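Chemist: One structure follows; several queries about it will come next.
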Amino acid sequence: MELHNIRFIKSNDLQIAASCEANSNDITEVYYPSTILLYAEVGHINVKINQELFKVNSGEFALLRKYTQCSMFKTWEPQDEFAQTYAFVLTNEFIKKVIHKIEIPKDTKPISERFVSVPNTSLMQGLMQSIIAYLDDGKDVDPQIIELKTLEALHALAKADPRLLGVFKEFAISERADIEQLMNYNYLYNIPLEELAVQSGRSLSTFNREFRSLFNDTPHRWIKKKRLQFARNMMVTKNMRPSEVYLESGFEDLAHFSKSFKNFFNVTPSQFYKSLA
């Protein structure tokens, strides 16, 4: 029986942390606007950046820096039977609030690596165990608690490896993401355009202007087209019924999905699904 149990905690609609217990080694494509602290409790987290493979082994930590295009998958030893992994998102919003409390020497050199291993220290273990406790509780967390946890994470990382202070400088900087990459990884999620603009490091007007220039379309029309193409592909490759696929495709209403599908493909999703038999 396939096991794939994922839990999240959120703060003000921001996904802050996640745990994953799985015996599936499915590949996940990643392009995230915040740096992620990874921890493997059981098994291994494998991160492929370009053609280079990095690994977070059992009992190890690592940082995956923001706006890193990569693929991730989990593996485990035969005696373990599954992988148990955790992720804590170091969002720019909270880092900006606490970065001034971390003393960063002026001569600290920047780090160019996209994936950085972090030593397993008692402070790192304490931080992760407290995050795991919130995940086990399953409730959304007050922003003030996340602010404190972010500060705790920065202190723990600095103690674990002083050179990581060179990464902290970039945390509070709004970088400009690749809009095409950002959209291809997020079009299935109902994220407001204002939030996508923030994640891309642009104002909403700049985001809309550059989007039109890149795709020759508006964000709303482009997202709907991508979702409809995704839905059609899922019906063809996964034999998913229209009543199953519309939610997977980011639509919240079956009637709206059916009408949009008919307008785009000149056939209703039910008619298209029956034609595949």
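Every number in this text was worked out from the coordinates using simple rules, so none of it is lab data. Note that the coordinates shown come from a computational prediction; the quantities given were computed from them, not determined experimentally. Positions of Cβ are backbone-derived with ideal geometry, glycine not excepted, and every protein chain shown enters the neighbour counts.
Chemist: Hey, which lysines would be in cross-link range of Lys106, C-alpha to C-alpha under 27 Å, not counting anything within fewer than 8 residues on its own chain?
Modeler: Straight-line reach from Lys106, under 27 Å: Lys66, Lys96, Lys97, Lys149, Lys159, Lys169.
Chemist: Then there is this: Determine the relative contact order of the chain: mean sequence separation of Cα pairs under 8 Å and six or more apart, normalised by residue count, in whole percent.
Modeler: Details: 436 pairs, mean separation 43.7, N = 277.
The value is 16 percent.
Chemist: Ok, one more. On C-alpha positions alone, give me the angle between the axis of helix 254-265 and the longest principal axis of the chain, in degrees, nearest 10.
Modeler: Result, in degrees: 70.
Chemist: From the phi angles alone, apply the Karplus equation (6.51, -1.76, 1.60; θ = phi - 60°) to region 159-166 and give each ³J(HN,Hα) in whole Hz, x where the residue is Gly or Pro.
Modeler: 5, 5, 7, x, 5, 5, 4, x
Chemist: On a C-alpha basis, how far is the centre of region 102-165 from the centre of region 8-54 in Å? Whole number, if you could?
Modeler: 16 Å
Chemist: Now, a different point. Work out how far the C-alpha atoms of the chain reach from end to end along every principal axis, then list the three figures in whole Å, largest first.
Modeler: That works out to 62, 51, 38 Å along the principal axes.
Chemist: Also, quick follow-up: Rounded, prolate or oblate: which fits region 8-50 when a ≥ b ≥ c are the square roots of the eigenvalues of the alpha-carbon gyration tensor, with rounded for a/c under 1.5 and prolate only if a/b beats b/c?
Modeler: Details: a/c = 1.98, a/b = 1.33, b/c = 1.49.
Oblate shape, in that a/c is at least 1.5 and b/c is the bigger or equal ratio.
Chemist: Three principal axis extents, largest first, for the C-alpha atoms of region 127-277, in Å?
Modeler: Computed over the Cα atoms, the extents are 61, 41, 25 Å.
Chemist: Once phi is turned into ³J(HN,Hα) by the Karplus curve 6.51 cos²θ - 1.76 cosθ + 1.60 with θ = phi - 60°, what whole-Hz value does each residue of region 267-277 show in order, with x for glycine and proline?
Modeler: Along region 267-277, the couplings run 7, 6, x, 5, 5, 5, 4, 5, 5, 7, 5 Hz.
Chemist: Additional query: Helix 204-215: angle to the longest alpha-carbon principal axis of the chain, degrees 0 to 90, nearest 10?
Modeler: 60 degrees
Chemist: So what J values fall out for region 143-156 if you push phi through Karplus, 6.51 cos²θ - 1.76 cosθ + 1.60 with θ = phi - 60°, rounded to Hz, Gly and Pro as x?
Modeler: x, 5, 5, 5, 4, 5, 5, 5, 4, 4, 5, 5, 4, 5
Chemist: Now for a separate question. Test of the criteria: in region 115-184, which trypsin sites (Lys or Arg not before Pro) are in a DSSP loop and have at most 14 other Cβ atoms within 10 angstrom of their Cβ? Can you show the working numbers first?
Modeler: Values: sites: Lys139, Lys149, Lys159, Arg163, Lys169, Arg176; in loops: Lys139, Arg176.
Answer in residue order: Lys139, Arg176.
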